[in-house]
Amino acid sequence: MPEFVPLTDQGRRYSEDYLIRLGDADENGLLRMDGVARLLQDVATDDWTDTGITTEDTWVVRRTQLRLVDGATWPRYLDRVTLTTWCGGWGAAWAERRTNVDIGGVTSLEAAGLWVPISPKGNPVRVREDFFDVYGRSARARKVSGRVENPPVSDDADLRPWLLRAADLDIVGHVNNAALWQALSEVVHSPVRFVSVTHHQSIERDDDVVLASAAGKMWLVVGGVVKVSATYER
């Protein structure tokens, strides 16, 4: 299990309330995997917008790790959840965004996202100084690794096509992070104890995607190349 650093009283933190709606709940009323990803994405966007930083760079998520706190309740339909997000660490060309999901003041889910800044030309760039002007007090307290694993598809994996929709694309022109978590929802239902999703390469509009799955694992493959990989524990 990776480290989920606790909420710090040093530096910036941002909180926002969200209501779990029908579009993010499964047939049992539980918040779906892609619903979690959408909430994490939204609070990250809201926090960044609130900082007032202007830049041509775009931050994209490379890896998201999520765990259910021991003894906690998984969010469900019509729960009002509070997401609190802050910077848990940094590297030369990446930063960790920590987020807690609380129900009624009690933390239910903890997430750690590895985000990288991308230039308008699509190239990774170093973290700029204005980032530290806002997040530096918490970020500089901890260095994090930007290394991610690229596990091969298991020989016994089940394979099936995973069709893309126009609604899956975002303003960057790639399949959105939350849309990719919909594939995970095809493999495992809420709740889970732990899940980790890694984006190795972007998935594009015209890609022919294969969804591969085995016990506790999932991959999205294009032309034999793993674009997204995931592991989970029930």
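For the chain, the relative contact order is 22 percent, taking Cα pairs closer than 8 Å that sit 6 or more residues apart in sequence and dividing their mean separation by the residue count.
Any chance you could run the full-extension gain for Glu16 through Ala141? It's 0.36 nm times the residue separation minus the Cα-Cα distance, nm to one decimal.
Working: separation 125, 0.36 × 125 = 45.00 nm, distance 2.43 nm.
So the chain would gain 42.6 nm between Glu16 and Ala141.
When shorter helices are ignored and each DSSP H run of at least 4 residues is given -39500 (n - 2.57), the per-residue value for the chain at 222 nm works out to -5500 deg cm²/dmol. Remark: region 83-99, residue by residue, has Karplus-estimated 3J(HN,Hα) of 9, 10, 10, 7, 8, x, x, 8, x, 4, 9, 6, 8, 9, 10, 9, 9 Hz, where x stands for each Gly or Pro and the curve is 6.51 cos²θ - 1.76 cosθ + 1.60 at θ = phi - 60°. Within the shell defined by Cβ-Cβ distances under 13 Å, the residues around Val69 carry a net charge of -1, with Lys and Arg each +1 and Asp and Glu each -1.
Local charge for Trp219 was computed over the other residues whose Cβ lies under 15 Å away, with Lys and Arg +1 and Asp and Glu -1, and equals -3. Across the options Gly89, Met33, Asn176, the greatest Cα extent toward the positive end of the charge dipole of the chain (unit charges at beta carbon of Lys, Arg, Asp, Glu) belongs to Gly89. For Val125 and Asp208, a Förster radius of 35 Å and the Cβ-Cβ distance give a FRET efficiency of 0.70, rounded to the nearest 0.05.
Need one word for region 14-139: rounded, prolate or oblate. Basis is the Cα gyration tensor (sqrt eigenvalues a ≥ b ≥ c); a/c below 1.5 gives rounded, then a/b vs b/c decides. Write down the numbers at each step before the final one.
On the way: a/c = 2.19, a/b = 1.91, b/c = 1.14.
Judged from the Cα gyration tensor, region 14-139 comes out prolate (a/c at least 1.5, a/b above b/c).
The spacing between region 182-201 and region 51-100, judged by their C-alpha centroids, is 16 Å. Listed peptides 74-82, 36-44 appear in the order 36-44, 74-82 once ranked by packing, highest mean of other Cβ atoms within 10 Å at the front. Neighbours of Thr99 by Cβ distance under 15 Å: Lys/Arg scored +1, Asp/Glu scored -1, total -3.
Bear in mind that the values in this text are calculations on the coordinates, not laboratory data. Everything numeric in this text was worked out from a predicted model, so none of it was measured. A quick note on method: Cβ atoms are made from the backbone with ideal geometry, for glycine too, and the neighbour counts reach across all protein chains shown.
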